[in-house]
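See structure below.
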Amino acid sequence: MAEFIVAIELGSSKITGIAGQKNLDGSINVLAVVKEDSTQCIRKGVVYNIDKTVQCLANIITKLKSTLKTNIHQVYVGVGGQSIRSVINVIPKDLGNDTIISQDMINELMDANRNMDYPELEILDAVTQEYKVDQQYQLDPVGIQSQRLEGNFLNILWRKSFYKNLNKCFDQAGIAIAEMYLAPLALADSVLSEAEKRSGCVLVDLGYDTTTVSVYHKNILRHLAVIPLGANNITKDIASLQMEESEAEKMKLKYASAFTSNSEIDNSLMLPIDPERLVESRKFIEIVEGRLEEIIENVWFQVPSEYTDKLLGGIILTGGGANMKNIDIAFRNHTHIDKIRIANFVSQTINSTNSDINAHNAEFNTVLGLLAKGDMNCAGEEIHNDLFGTNDTTKPLSNDQHKVRQPNDIAGTGVVRTEAEKKAEEERIRKEQEEEEERIRKEQEEEEERLRKERKENSTGHKFMRGLKKFFTTIVSAEEDV
């Protein structure tokens, strides 16, 4: 039986499906890559047309199965896009004097944080920042004596409607989800070094419709936000010169630069829009740089002020937008961060014959990061040449057949529980509550029965009968002694 991992990324310009095998040395052999245009069903990284998204997903799976000659049992999925943001939450717990902190206490804090209610928003993941033990901050406070404990968490939120629509698409397409991952975290693990995460850095994923900003310090994710501006906004601005967006995209790829010094601008240079029209080079430059400056300012605004002077790892740029000429200079000029690195490819060793993958243009970094996260076989039965199609006997797992993982087991890992898992967890909690209520009811009934017997035994009539019984017993005993 074949063994491989399948990952799917739902982007604003395309949905990408990729299959690969992991080798013992950690390298990955890419077996198949397929793409479907998603501009008619995904906007700002979010599903807005369920039917068309379902069709795209079905096409992805069909194409992968055709290439691999094998059915697909399950897939890994990335979660990202507009409205994803992070919020700091502090959960305090007062302890008794000389109390030693236990793991159960930590779990209580994590559970309390997970049960926070954010209207219209879903908690996708909760990243522990640190714990405040009295006045000291600790990453692992278990075993420490304390009177007060505070848990500091970074909750990553997404609109509930977006979350439900994504799950609904895979359910309707009949595709089982092995695991859902926060795409920005999977990407970060594949393009950032441990040194960069530890010393402090900002990862900027310049996508088609959105730009994702992830801030790390001391190996911990400190902030996550998605800006609803991307490389396509530059294309649309160029299209305002009265041309089709497809032509504007070609002009952007051919002429656009993120930064051009005044000494390099030729005021007499004209750029061709079409065979009959031209545009001034300076005007074109102003359009491109104006929008890009807005994107960079929004990126820098997302970096919390307490970390702006702690970014020793600098700024790391990735995504399709990072391919623009002089993009590093533009970021350096606006943020005044000297250390800028462009991550054109993931850190894993990838073996592939696919020209898109081998282009190393950062466009496939996220889906490769998702592929690297996979550790469960996604392959089903092999497909044989059967004119009647009777060989497709693989029954994919439905999304409610996977094991239910406890929230605290996967907290901060980037793993997002599916809607089916959450429903199963709610059902488990409901049953536990019913069992607890039944236990309390039985205890109350037993206590009431005990009190009833006690009242009966202490009643006047009962005492008289006991006294009378004792009197006759004494008389009978006396007679027997005689």
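The values are calculated or read from the model by the stated rules, or taken from the named source; none is laboratory data. Computed from a prediction, not measured in an experiment: that's the story for all the values here. Neighbour counts are summed over all protein chains in view; Cβ atoms, including those assigned to glycine, are modelled from backbone coordinates with ideal geometry. Remember, those area values only see protein heavy atoms, side chains included, never the ligands or the DNA or RNA. Shrake-Rupley method; radii C 1.70, N 1.55, O 1.52, S 1.80 Å.
Condition check: open to solvent by less than 20 Å² (accessible area, probe 1.4 Å) and not acidic (Asp, Glu). Does ILE50 satisfy that?
Working: open to solvent by less than 20 Å² (accessible area, probe 1.4 Å): no; not acidic (Asp, Glu): yes.
In short, no.
Let me confirm something: among ARG159, ARG148, ARG198, which residue is of a type in the set (Lys, Arg) and free of Cβ contacts under 8 Å to residues at least 60 places away in the same chain?
Answer to the selection: ARG148.
Quick grid of which residues meet (1) under 30 Å from GLN348 (Cβ atoms); (2) part of a loop (DSSP other than H, G, I, E, B); (3) at pLDDT below 85:
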residue	(1), (2), (3)
VAL367	yes, no, no
LEU370	yes, no, no
ASN377	yes, yes, no
THR393	no, yes, yes
LYS403	yes, yes, yes
ARG439	no, no, no
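Just the residues that are touching a Gly at 6+ places or on another chain (Cβ under 7 Å), part of a loop (DSSP other than H, G, I, E, B) and over 25 Å from LEU24 (Cα atoms), please, taken from the stretch 313-360.
Of everything in the stretch 313-360, those that are touching a Gly at 6+ places or on another chain (Cβ under 7 Å), part of a loop (DSSP other than H, G, I, E, B) and over 25 Å from LEU24 (Cα atoms) turn out to be GLY313, GLY319, ILE337, LYS339.
Condition first: open to solvent by 30 Å² or more (accessible area, probe 1.4 Å), at positive phi, assigned to a strand (DSSP E or B) and modelled with pLDDT under 95. Can you find one or more residues in the stretch 82-100 that meet it?
yes
Can you tell me how many residues within the stretch 321-348 are touching a strand residue (DSSP E or B) at 6+ places or on another chain (Cβ under 7 Å), open to solvent by 30 Å² or more (accessible area, probe 1.4 Å) and not hydrophobic (A, V, I, L, M, F, W, C)?
Number satisfying all stated conditions: 7.
Which condition does ASP209 not pass, out of (1) surrounded by fewer than 22 Cβ atoms within 10 Å (Cβ to Cβ); (2) in contact with a Lys or Arg (Cβ under 6 Å, 6 or more places away or on another chain); (3) assigned to a loop (DSSP other than H, G, I, E, B); (4) not hydrophobic (A, V, I, L, M, F, W, C), if it passes all the others?
Status for ASP209: all satisfied but (1).
Go through the stretch 255-282 and count every residue that is of a type in the set (S, T, N, Q) and surrounded by 15 or more Cβ atoms within 10 Å (Cβ to Cβ).
3
Exactly one of these conditions fails for LEU397: (1) open to solvent by less than 60 Å² (accessible area, probe 1.4 Å); (2) at pLDDT 85 or above. Give me its number.
(2)
So the check is Cβ under 6 Å with 6+ separation or different chains; which pairs have a first residue in the stretch 1-21 that's open to solvent by 10 Å² or more (accessible area, probe 1.4 Å) and a second one that's of a type in the set (Lys, Arg)?
LYS14/LYS35
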